[in-house]
Amino acid sequence: MVRTSQIRRAALRLGVATLTIALVGAVEASAGTVRVAVATNFLAPLRALEPDFAAVTGHTLRISAGATGQLFAQIGQGAPYDVFLAADQARPIQAVENGWALAETRFTYAHGRLALLSGLANRQATPEELTKSQSEKVALADPRLAPYGRAAAQVIARLGLTEALGPRLVRGKTAAQAFQFTRSGAAAFGFVALSQIRAIGEAPIDPNRYWIAPEDHHAPIAQDAVLLAGAVDKQAALAFLDFLKSDEAKRVLRRFGYSVGEE
C-alpha cells in the first residue's frame, strides 16, 4: 500500500518537473530570430559575435551577406530582412528616407579600415610594389556597389596610380570577392577590408604582406546599422542592435581592426 508521504513526494517531484518544463518553454517562446543583411566586410566579426548574442539574449541570427549596394536593392524589392548592417552611411540614410527603415534606430556601429594585401608570400604590400610590374592584377570591390571599393579607388587616385593601374584592375562584386581574388593568386595585390585579414586566425598573415591605407587617403568608412520597417520580431531585432553597442561587442570589433565609439 502506498503511503501518503510517498504520494506527496511524487506530487512534489511532478510539480517541479512541470514547472521546469514550463519555464524552458517560456524561454523558447520568447526567443526570436533576427534576419540580418550584412556587408561582407563585417561577416566574420558578425559570426564571432553570434554565440555571445545568443548566450546573452536567447535570440539567434539568420545572416545574409553581400555588397552594401546589392543588399540595399534587395531591401527595396521587399527582401525579408530585419536589420541592415551596411558598409556606409548613405544607404541606411536613404532607406530611412524611402520609408524602408526607422530613423530613430540608425547609428554608426563601426569605422572600417582599408588595406592593400599581397597575394604572394614573398612580396611586401606597399604602394611602390604596385608599379613594379605592368602585368600583375590588382583586385578591389566594385566602387559602385561596395564602400570599400570606393575607398580603394580613392586611395589609388591619391597615390596618383589611376591611369597606371586602370587596365590591371580586377573588380569583384564585394570586398569578399576582392579578398578571394588576392588569396587565390588570381590577383597579385588586392584592396580589402582590414577585418578580412584579421579574420584569418589559424595562420595569421605576415604584417609585411599588408599595408593599412592612411585614413586621410580616402573618405571615412563609417558603417551604419538600422532597423528595417518590416522587422517581424522587433524586440529581438532591437536587442541585437543594443548588443552591437555593448562593451563585449566593441572588444570583438577592435580585434578585427575596426574603430568604434566610446559610448
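Throughout, read-outs are computed from the coordinates displayed, never taken from laboratory work. All of these numbers come straight from a predicted model, not from anything done at the bench. Please note: Cβ atoms are built from the backbone with ideal geometry, for glycine as well, and neighbour counts cover all protein chains shown.
Before moving on, here are some points about what is shown:
- Near residue 221, once Lys and Arg are set to +1 and Asp and Glu to -1 for all other residues with Cβ below 12 Å from its Cβ, the sum equals -1.
- Residues of type lysines that residue 234 reaches as a straight line, Cα spacing below 18 Å, ignoring anything fewer than 8 places off in the same chain: 245
- Mean Cβ count within 10 Å, highest first, over the residues of peptides 130-143, 79-92: 79-92, 130-143
- Those lysines that a straight Cα-Cα span of less than 26 Å connects to residue 137, excepting residues fewer than 8 apart in one chain: 173
- Within straight-line cross-link reach of residue 132, lysines at Cα separation under 21 Å, skipping those fewer than 8 residues along the same chain: none
- The loop-placed GluC sites (Glu not before Pro) in the stretch 196-259, going by DSSP, that have at most 16 neighbouring Cβ atoms within 10 Å of their Cβ come out as 202.
- Antiparallel content of DSSP bridges confined to the stretch 114-217, in %, to 5: 55 percent
- Placing unit charges on the Cβ atoms only, positive for Lys and Arg and negative for Asp and Glu, gives the chain a dipole magnitude near 820 debye about its Cα centre.
- Built amide H within the under 5 Å cut-off of residue 60, gap 5+: 32, 33, 34
- Highest mean first, the peptides 49-56, 226-233 sorted by other C-beta atoms within 10 Å per residue fall in the order 226-233, 49-56.
- Sequence ranges 178-190, 96-108, ranked by mean other-Cβ count within 10 angstrom, highest first: 178-190, 96-108
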